[in-house]
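Rule-based calculations on the coordinates, nothing more; no lab input. Everything quoted here is computed from the prediction, not taken from an experiment. Here Cβ is always computed from backbone atoms with ideal geometry, including for glycine, and neighbour counts include all displayed protein chains.
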Amino acid sequence: MNGFPASVERYLERVLIERARPLLLTFDGPWQLRAMVGDAARFGFDAAAPDVVVERLQDLFLGLPTGQMQDFPFVELAGGGNAHVHLVPDGELFHVLLLDAGEEHERTRAQQQLGNEAELASLEKSRALARLKEIRSELERQRAGLEEAHALKNALIATLSHDFRTPLTSIFGYLHLLERRAGGDAAEIDALHAIRRNATYLFALAENLLEYGRSEAGAPNERAASLINAERLDAPRLGADLDAMFRPLAQDKGIEFHLEPIVAPPAEALFDEVKLRQVLINLLSNAVRYTHHGEVRARIAWREQHLELEVRDTGIGISPEYRERVFKAFNRGAQSGSRGAGLGLSIVKRLVEQMHGTLDLESTPGAGSCFRVRVPALERPGANLPAAPAGDYENVRRAAPSAVVVDDDPDIAGLLEVLLADLGCRVRAFDDANAAIEHVRAEPPDVLLIDVELPGLSGNAAVYRLRSQGYKGRIVTLSATATDDARRAAIAAGADHYLTKPLNIEQFLRTMRATIA
Amino acid sequence: MTELARKVCMLGDFGVGKTSLVSRFVRNTFSDKYLTTVGVKVDSKHVALPDARTVKLVVWDIAGKSALDALNLNYLRGATGLMLVADGTREASLRATLNLLMQARDVLDDPAVVLVVNKLDLVERWQVAPATIAELRRTLPVVETSAQSGDGVEAAFAELARKLAA
């Protein structure tokens, strides 16, 4: 029929039957089993229970006519076998033929399993990527929020910085005037000393907070940009102030306070006195706070081209495991019974680093601590100040030098007027840059003192405009912003000197004497 | 008395849990391991009806696909009920299931249908929104199920049996 030789046909029949292992069931009428030929067990059937076999096959063809050819490949039967199931009508009879699909089923399932699992994994991957994107977006949103909060904090710190320093300038300035004019009344002198001591302490505390704020405000390179004021150090005066501040506190606690004889640095060795003072106040505050009996001893000495500060106490000491932690901010737990914000030593470390110095700690729990600071002298600033541009102004040197003060704070303006008048100057004060510019153009003064943070036209803009118009007089800029960037901006605008608030009165007077000389 | 028996086909994309639902329904078992179905598995179970009758559900668990080919359509022949299965964690599987229903209706004459949204145990990861299911309920009986815990499985088959015996 198909052209194959009979021998081949017989061979094929044998091979296919061997591989398909058919089970043939012949029925008549409504599923009456007449014959079963083949290996029923291979398909999960029990040949001894033909009723069960018939029921399962009936289930397979439920709802289908037995008079039509039916073909269901890959049927996993309830008994566990896998078969290609065929229904073959045969007159009044019909046959159900099951061909073994076990091996083919396993092969197909393995391939299908791989494909489906790969697709499910791909779905999971897509889902994970989408989740990652969501997380990234959320992080971006949070970062933006943090940056906004950070910017607000920086703005707050800048405002606080200005708002602290401006009134302190007035306090220290007028205190200076009061001290100069005080009579011999001991009570009056004591009162003034008390005011200075506490104002200095307040200043140090405020500076601690501001310094901490600055350290948190910017990138590492910005953190180091806090301004260093190089000036001659009045070491005896510094020692006297510290003695006045801490001796009463020590006495109140029943401990001794010793300030060793000061070895002052030479006049040409310059330091940032405000920062040194802050370092010593912080170290001494801690020493007195954590010493309950015995003594606190301080030393200020010029030695081997360095200024050495040492604060030693017989207090509670610091355990070795806390040595590093005490220099971190808000370390209140580092010393038992601690009080305060826990900022002091972290600020000390930072200030010493800013001054390129070193800080060492020796401590024995229960016996006391010793902090040693060594700072080198600073370079003299302003050695290469830009020359004033040429212009039409003719500065007329008069017998009494003239000065113009520009500051919108009437207390500061008044203080500067008094201080300059004491130096023999004729002074005009303005609270507005434009009015001052008009006056300077009409009557160029020998020296102009101008605040940077003026309403409207800023001090730097006014200085720039005056220099561009040819004003050749000396210009001293005042600002509550104590950063290198602020100093550079003022000098670039044309100022000769940049002083920060609160004014160090001695430094101010030295600068002004040199300026009008 | 002639036994009431109905052929029911499980339809849904691969991996939605059709085989697990049948295992839970017929044998009350569950396996975490995913094992794909090749061709079809046939099981049966008697379900009691509210009117004290019972119906034998012959359940054809057809290999999962997002669209029916000629082979799958052949398996559907003789079925009067469809259990549509979607995976709540894969919204695409719900769309696939609804597509399968439309294909099945071309070869079956008004089958009884119940939609099952499976994997209720993973409800935190579901992509199918409650509002979507609420909308579908206006046209189909919908049962949220977990083949893992068994939640909703009996109810889904009982609902289908009730519709088939009506």
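Considering only the protein assembly as shown, what is the antiparallel percent among its DSSP beta bridges, to the nearest 5? Write down the numbers at each step before the final one.
On the way: 59 of 105 bridges.
Here the antiparallel bridges make up roughly 55 percent for the protein assembly as shown.
How many angstrom lie between the C-alpha centres of region A:1-74 and region A:348-375? Distance between centres, Cα-based: 97 Å.
Residues with beta-carbon under 14 Å from that of B:Glu154, excluding B:Glu154: net charge, scoring Lys, Arg +1 and Asp, Glu -1?
Working: positive: B:Arg24, B:Arg27, B:Lys45, B:Arg162; negative: B:Glu144, B:Asp151, B:Glu159.
Overall, the nearby charge balance is +1.
Taking amide H atoms as placed 1.01 Å from N in the peptide plane, the amide H of A:Glu256 lies under 5 Å from those of A:Gly294, A:Glu295, A:Val296, each 5 or more residues away in sequence or on another chain.
Sum up the charges of everything whose Cβ sits under 13 Å from the Cβ of A:Ser458, counting Lys and Arg as +1 and Asp and Glu as -1, but leave A:Ser458 out. Mind dumping the intermediate values first?
On the way: positive: A:Arg465; negative: A:Asp407, A:Asp408, A:Asp432, A:Asp451, A:Glu453.
Cβ neighbours under 13 Å give a net charge of -4.
What does the convex hull of the Cα atoms come to per residue for region A:6-100, in Å³? Don't skip to the answer; put the middle values down first.
Working: hull volume 10.0 nm³, N = 95.
Cα convex hull per residue, to the nearest whole number: 106 Å³.
Kirkwood radius for region B:8-166, taken over all pairs of different Cα atoms as the inverse mean of 1/r, rounds to 15.4 Å.
Taken about its Cα centre, region A:6-100 carries a charge dipole of roughly 240 debye when the Cβ of each Lys and Arg holds +1 and the Cβ of each Asp and Glu holds -1.
For B:Leu108, list long-range residues whose amide hydrogen, built 1.01 Å from N in the peptide plane, is under 5 Å from its own amide hydrogen. For B:Leu108, no residues qualify.
Taking a straight line from the alpha carbon of B:Lys18, these lysines sit under 26 Å away, with near neighbours fewer than eight places off in the same chain left out: A:Lys125, B:Lys7, B:Lys33, B:Lys41, B:Lys45, B:Lys56, B:Lys65, B:Lys119, B:Lys163.
Each eigenvalue of the Cα gyration tensor of chain A, multiplied by 5 and square-rooted, gives one semi-axis; in descending order these are 98, 33, 19 Å. Peptides B:72-81, A:354-363 ranked from most to least packed, by the mean per-residue count of other Cβ atoms within 10 Å: B:72-81, A:354-363.
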